[in-house]
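The values are calculated or read from the model by the stated rules, or taken from the named source; none is laboratory data. The structure presented is a predicted model; accordingly, all values stated were derived computationally and were not measured. Backbone-built Cβ (ideal geometry, glycine too); neighbour counts: all protein chains shown.
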Amino acid sequence: MTAGVAGLTAMVAVVLARGVFGVSVFGPAGEGVQQDTSATVPAVTAAGAALGATGALHVLALLSRRPCRVFSWLVTSATVALVLLPFTTDAATGEKVGAAAVRLAVGVTVGAMLSAVGRGALRRGGR
């Protein structure tokens, strides 16, 4: 469910960036080159990231004393790093902001959803 919501969040963010604000969102084209990307590339990437985050939360729930706190720190750190990543390229400022906004929306969505799920699961499990 989280992967689907993350994918839809990325798609809506790309459509908003392009349609409402007139900013193209770029993605990797290979060899460090960035190019304008379709809405499906960020959506599939977001869904994959959400699945990876779900796995990380599961492992943390098994191994960590405070899994929700560690998970929140991990998601926040990863989101900040991914939001800042477009600003290291030579793309136009608008494209950088558009790509950063899409990544921020996905990071906040995944972090909020999985943190709530993790807290609920751990509360029921007696941790």
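Of VAL110, VAL117, which residue is within 16 Å of the chain's Cα centre (by Cα) and of a type outside the set (D, E, K, R)?
VAL110
Which ones in the stretch 47-71 are among the small types (Gly, Ala, Ser) and either over 30 Å from ASP90 (Cα atoms) or modelled with pLDDT under 95 (or both)?
Hits for the stretch 47-71 are GLY55, ALA56, ALA61, SER64.
Does the stretch 7-21 contain any residue that is crowded, with 19+ Cβ neighbours inside 10 Å, in contact (Cβ under 8 Å) with a residue 12 or more places away in the chain and more than 30 Å from ALA121 (Cα to Cα)?
yes
Only residues that are touching a Phe, Trp or Tyr at 6+ places or on another chain (Cβ under 9 Å) and not hydroxyl-bearing (Ser, Thr, Tyr): list them for the stretch 60-91, please.
LEU60, ALA61, PRO86, ALA91 - these are the residues of the stretch 60-91 that are touching a Phe, Trp or Tyr at 6+ places or on another chain (Cβ under 9 Å) and not hydroxyl-bearing (Ser, Thr, Tyr).
Check every one of the helices (runs of 4 or more DSSP H) wholly within the stretch 35-127 and list those with 3 or more residues that are in contact (Cβ under 8 Å) with a residue 12 or more places away in the chain, hydroxyl-bearing (Ser, Thr, Tyr) and under 21 Å from ALA3 (Cβ atoms).
40-63, 67-84
Scan the stretch 83-102 and give yes if some residue there is exposed (fewer than 14 other Cβ atoms within 10 Å of the Cβ), more than 26 Å from ALA39 (Cβ to Cβ) and modelled with pLDDT of 90 or more, otherwise no.
No, because not a single residue in the stretch 83-102 is exposed (fewer than 14 other Cβ atoms within 10 Å of the Cβ), more than 26 Å from ALA39 (Cβ to Cβ) and modelled with pLDDT of 90 or more.
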